[in-house]
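Engineer: Pasting a structure here, questions to come.
The values are calculated or read from the model by the stated rules, or taken from the named source; none is laboratory data. Values in this document were obtained by computation on a predicted structure and should not be read as measured data. Quick reminder, even Gly has a Cβ in these numbers, built from the backbone with ideal geometry, and neighbours come from all protein chains shown.
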Amino acid sequence: MRSGNNKKKSNAQIEKSIIRCAVYTRKSTEEGLEQEFNSLDAQREAGEAYIASQKHEGWVGLPECYNDGGFSGGTMERPAVKRLLSDVEAGKIDCIVVYKVDRLSRSLLDFARLVEIFERNTVSFVSVTQQFNTTNSMGRLTLNILLSFAQFEREIIAERTRDKMCAARRKGKWIGG
């Protein structure tokens with residue numbers, strides 16, 4: 001007889017091994033959204049299939065739908081992304097699954113801000129069609145490279161702005177409010 005090796009897992013241990021996954025979908029235009037099966041449905045289906053493929057890792061898809069149909073990825077003013085972030089902050093989500101990275105954001109600056117929120121709340125981010133998964137070291141490396149470029153972009157914009165303001169002042173133009 002074995003002693004102690006066949007103990008059942010406690011509820012706390014089982015809960016720790018479950019990764020609650022939210023699928024976020026977005027389509028820039030409303031064109032085609034009225035169809036029975038549209039782009040948002042296809043993205044959701046791909047996300048759910050990916051989550052199912054990770055079932056052995058404890059991944060479970062959440063029933064909540066985070067669909068932004070007819071919203072640009074260049075802004076964070078989208079109802080579903082706001083609900084998603086609210087649920088992230090509330091601790092309801094462990095992993096966000098998207099079809100492609102640009103579905104979440106087309107702005108590197110916004111994307112960097114989103115990742116900061118995810119990291120602060122220990123939420124992973126996965127792209128189904130791109131090798132981008134922050135649950136592993138390679139995904140985090142890719143993320144850090146992207147964020148480095150985002151930081152570089154912000155610094156270049158700041159330098160250009162300063163240079164423009166200096167040039168305008170040299171010509172006697174007033175810049176500012």
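Engineer: So is Phe118 modelled with pLDDT of 90 or more and either part of a helix (DSSP H, G or I) or more than 23 Å from Thr29 (Cβ to Cβ) (or both) or not?
Structural biologist: The answer is yes for Phe118.
Engineer: Would you check if Asp87 is in a helix (DSSP H, G or I) and more than 27 Å from Asn136 (Cα to Cα)?
Structural biologist: no
Engineer: Just give me the residues in region 44-84 being outside any loop (DSSP other than H, G, I, E, B), touching a residue at least 12 places away in the same chain (Cβ under 8 Å) and not aliphatic (A, V, I, L, M), in sequence order.
Structural biologist: Of everything in region 44-84, those that are outside any loop (DSSP other than H, G, I, E, B), touching a residue at least 12 places away in the same chain (Cβ under 8 Å) and not aliphatic (A, V, I, L, M) turn out to be Arg44, Gly47, Glu48, Tyr50, Glu57, Trp59, Gly61, Tyr66, Asn67, Asp68, Gly69, Arg83.
Engineer: Moving on. Would you pick out the residues in region 29-63 that are surrounded by 15 or more Cβ atoms within 10 Å (Cβ to Cβ) and over 24 Å from Gln131 (Cα atoms)?
Structural biologist: Once the filter is applied, which keeps residues that are surrounded by 15 or more Cβ atoms within 10 Å (Cβ to Cβ) and over 24 Å from Gln131 (Cα atoms), region 29-63 yields only Asn38.
Engineer: May I pose another question? Assess whether Asp41 counts as being part of a helix (DSSP H, G or I) and within 14 Å of the chain's Cα centre (by Cα).
Structural biologist: Considered against the rule, which asks whether it is part of a helix (DSSP H, G or I) and within 14 Å of the chain's Cα centre (by Cα), Asp41 comes out as no.
Engineer: What are the residues in region 73-107 that are among the hydroxyl-bearing types (Ser, Thr, Tyr) and either surrounded by 15 or more Cβ atoms within 10 Å (Cβ to Cβ) or under 17 Å from Val123 (Cα atoms) (or both), if any?
Structural biologist: Ser86, Tyr99, Ser105, Ser107
Engineer: Then there is this: For a quick check of your reading of the model, give me the residue pairs whose first member lies in region 102-115 and is assigned to a helix (DSSP H, G or I), whose second is of a type in the set (Asp, Glu), with beta-carbon atoms closer than 7 Å and at least 6 apart or on different chains.
Structural biologist: Correct list of pairs: Leu108/Glu153.
Engineer: Here is a further query. Taking region 111-131 as the region of interest, how many residues are in contact with a Ser or Thr (Cβ under 8 Å, 6 or more places away or on another chain) and surrounded by fewer than 18 Cβ atoms within 10 Å (Cβ to Cβ)?
Structural biologist: So the count comes out to 1.
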